[in-house]
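Presented below is the structure to which this report refers.
The values are calculated or read from the model by the stated rules, or taken from the named source; none is laboratory data. Predicted model, so just to flag it, every value in this text is computed and none were measured. Neighbour counts are summed over all protein chains in view; Cβ atoms, including those assigned to glycine, are modelled from backbone coordinates with ideal geometry. All accessible areas refer to the heavy atoms of the entire protein, side chains included, with ligands and DNA or RNA removed. Shrake-Rupley method; radii C 1.70, N 1.55, O 1.52, S 1.80 Å.
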Amino acid sequence: DVFVMSVGRHPDIVPWGELLSTACRARGGRGLIADGLVRDSRQIKAMELPVFCTGRRPLDSARRGEVVEYDVPVVIDGVTISPGDFVVADADGVVIVPKGVEREVLAKAWAKVEGENRTRDALLAGRLLGEVYEEFGVL
């Protein structure tokens, strides 16, 4: 599971840090996606817990925020994320795949990867970019 948290990009609410990361990891959590700030970055990095957030700030949220709902859909940057959605995240960003269409989306993604692999192999073999694109349609 990936923890998804929305704080509306509030600059003074920084609820996620080392302790919530520890609790997340202890319960099998795989990472955090937040439209807010986090703290304790070195400790979180040492845990190898992937965190995708809007920034960092050395501040807690004592008496500045409250949990109003959990296990409900949230909207981050215009994308609705619902419990059970499939999350893919890496250094290039975060993708949310709605529950129920995972198989279709993953099949298309693997087809794209296969096309990219064929394109890369052809380019490594010395073929010209235009020729490879015409054949595979992938760049």
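Taken over segment 50-85, the criterion of being touching a strand residue (DSSP E or B) at 6+ places or on another chain (Cβ under 8 Å) and of a type in the set (A, V, I, L, M) is satisfied by V51, L59, V74, V75, I76, V79, I81. Return the residues of segment 104-139 that are open to solvent by 70 Å² or more (accessible area, probe 1.4 Å), under 28 Å from V88 (Cα atoms) and part of a loop (DSSP other than H, G, I, E, B); say none if nothing qualifies. Scanning segment 104-139 gives a single hit, L139.
Return only the number of the condition from (1) buried (at least 19 other Cβ atoms within 10 Å of the Cβ); (2) outside any loop (DSSP other than H, G, I, E, B) that V14 does not satisfy. Unmet condition: (2). Of the residues making up segment 77-103, those that are under 11 Å from V4 (Cβ atoms), aliphatic (A, V, I, L, M) and either open to solvent by 70 Å² or more (accessible area, probe 1.4 Å) or more than 8 Å from the chain's Cα centre (by Cα) (or both) number 2.
Exactly one condition in (1) farther than 23 Å from D1 by Cβ; (2) in the same structural domain as V7 (by the TED database); (3) of a type in the set (D, E, K, R); (4) open to solvent by less than 70 Å² (accessible area, probe 1.4 Å) is false for R39; which is it? Only one criterion in (1) farther than 23 Å from D1 by Cβ; (2) in the same structural domain as V7 (by the TED database); (3) of a type in the set (D, E, K, R); (4) open to solvent by less than 70 Å² (accessible area, probe 1.4 Å) is unmet by R39, namely (1).
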